[in-house]
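What follows is calculated from the coordinates using simple rules that are stated; it is not laboratory data. Here the structure is a predicted model, which means the values were calculated and not measured. Quick reminder, even Gly has a Cβ in these numbers, built from the backbone with ideal geometry, and neighbours come from all protein chains shown.
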Amino acid sequence: MKKCSQMNYHYGVVLKIYPSDAQKHIIAVNDGAQRAVYNLLVGVDKETYRLKKTADIVPADRKRLEDVTLKIRELNGSGSDMAHIRNTLPFLNEPEVDGQVIATAKKNYTAAWKNMRERHTGVPTFHKKSYEQSYQTSNHYQSGHEGLNGGSIRFLDRKHLKLPIIGRIRCSGSPKIIDKLFSHSGQTRIGTVTVSRDAVGEYWVSLQIASDDPFVESLPKTGSQVGIDLNLIDLVNDSEGGSFENPRCRKKIQTKLAKAQKKMSRRANQAKKDGRELRNSRNYQEMRQKVAYLHRKTARQRADYLNFVSKQLIKSHDLVAAEDLKVRNLVKNHCLAAAISDAGWRTLLTMLKQKGEMYGRDVILVAPQYTTQTCSVCGHVMTGDQKLPLSVREWDCPACGAHHVRDTNAAKNILAKALESL
Ligand SMILES: [Zn+2]
């Protein structure tokens, strides 16, 4: 049977789970174990970095550097060499610890370095313990077994899952999605599974499902192509003059959130004054949970809306072109940062890509330069004194006289750039 990665279609499913106290304990232990391995690797790195600076001058540091270098080689060894990590952190051998946490921690660590090199996210740092917990584990099939109920991670029925170490656990999710999963005709595999607790204190499991057959029926061709310009007044302006409003989810609850946050920090101060630990301060925890709940609510509202927008665009057009915005760079301008994060530009682009793949539509991202300042009719570029300030919403091209609505014109240019790149 094929591996998940070799299959053509991938689908993520998130289910709520209801662990017992013993199961909650297992989740906490594995979250801690994964973090310990990750931090071990980061710690060795940090020491190497420090020693490299002094090794030339201090003989003792030179010796230590040799030892640490050897240790890195051992720690980074693959497969059976994980014994070195197990020897360094003996609690990993306890029966409550999932065998997969070392591999996952190493994978995350490698990814952190890759992010640093490619996206300049900074050197990997220690992960701190937080109210959120999570760890990953992966599914194994013995030969001759397959499907949703054949692996080490499996559905016992529509309302129960079996997970490694945790065992049988009740789960719930959107009936529509569970129906879709159980009625899927092709061969289906469960791949990596993430078990987590969010800041509100609720538990979730997210399953990567793979199949050679699509999870959705492909959409009929529409013969339509569209360019979209991402904005803050409207979220999306398209090349046909249409738009989707920007719901500003965060902004809507800003007052409520600020009030709750203020109350939370007041309670934190009070607990400190009384010499109580925050962990044991019920008043503080109540408020912390409320703040987390408000954050989660906004994030869900935003995700719902962005799912709706991306679905509409993908449904109505064979090709969607958008700007490949480096949101990370844009967000450095902190006046815009909150507004851009709230709008969710990056999430929208990711959703478009995913849905495009799922429904067999083309989603093309183009470089954002000059899309606003170019006339989509004659190609005249507005430079120097002609450059359009942000306040100008409509303009006439000085070269050909065409009348433009600013964002619709930009969207037209984005579509043209995408078609050119094909
Ligand atoms: Zn023109």
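Listed values, structure above:
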| read-out | value |
| --- | --- |
| Residue identified as assigned to a helix (DSSP H, G or I), within 16 Å of the ligand (Cβ to nearest atom) and farther than 21 Å from I233 by Cα among A416, A410 | A416 |
| Filtered residues of region 374-396 (kept if within 9 Å of the ligand (Cβ to nearest atom) and either assigned to a loop (DSSP other than H, G, I, E, B) or under 16 Å from S239 (Cβ atoms) (or both)) | T374, C375, S376, V377, C378, G379, H380 |
| Residue satisfying condition, being closer than 23 Å to E245 by Cβ and buried (at least 17 other Cβ atoms within 10 Å of the Cβ), within set T372, T350 | T372 |
| Selection status of A402, within 14 Å of the ligand (Cβ to nearest atom) and either surrounded by 12 or more Cβ atoms within 10 Å (Cβ to Cβ) or without any contact (Cβ under 8 Å) to a residue 40 or more places away in the chain (or both) | yes |
| For V195: the one exception among (1) in contact with a helix residue (DSSP H, G or I) (Cβ under 9 Å, 6 or more places away or on another chain); (2) part of a loop (DSSP other than H, G, I, E, B) | (2) |
| Hey, S421 within 29 Å of D362 (Cα to Cα), polar (S, T, N, Q), away from the ligand (no atom under 16 Å from the Cβ) and surrounded by fewer than 20 Cβ atoms within 10 Å (Cβ to Cβ) or not | yes |
| The one condition in (1) surrounded by 13 or more Cβ atoms within 10 Å (Cβ to Cβ); (2) on the phi < 0 side of the Ramachandran plot that R119 fails to fulfil | (1) |
| Unmet criterion (only one of (1) under 27 Å from E420 (Cα atoms); (2) without any contact (Cβ under 8 Å) to a residue 40 or more places away in the chain; (3) surrounded by 15 or more Cβ atoms within 10 Å (Cβ to Cβ)) for P220 | (3) |
